[in-house]
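Trainee: Sharing a structure below in structure tokens format, with a few things to ask.
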């Protein structure tokens, strides 16, 4: 195996928008995510409307609905 070709693997913190933080290993330092297992509708059982970037409005404008 060649020396010094692999990225550095380190402990990192994953932060969600809802405030949940998790510690894991990764090649990146800090990771920020929009949805985690604490706030995802599949795990919580609650329906949550997520409109990222106005997708619904673009659809309505495009198809005239």
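Values quoted throughout were computed directly from the atomic coordinates according to the rules given, and no laboratory measurement underlies them. None of these values were measured; they are calculated from a predicted model. As a convention, Cβ positions derive from the backbone with ideal geometry for all residues, glycine included, and neighbour counts pool all protein chains shown.
Trainee: What is the antiparallel percent of DSSP beta bridges lying wholly in the stretch 7-46, to the nearest 5? Kindly include the intermediate steps, with their values, before the conclusion.
Mentor: Details: 6 of 10 bridges.
That works out to approximately 60 percent antiparallel.
Trainee: Now for a separate question. Subtract the Cα-Cα distance of residue 34 and residue 13 from 0.36 nm times their separation in residues, and report this length gain in nm to one decimal. The partial results should precede the final answer.
Mentor: On the way: separation 21, 0.36 × 21 = 7.56 nm, distance 1.42 nm.
That works out to 6.1 nm of additional length.
Trainee: Tell me, 20, 57 in order of fewest to most beta-carbon neighbours within 10 Å?
Mentor: Values: 20 13, 57 10.
Neighbour counts put them in this order, fewest first: 57, 20.
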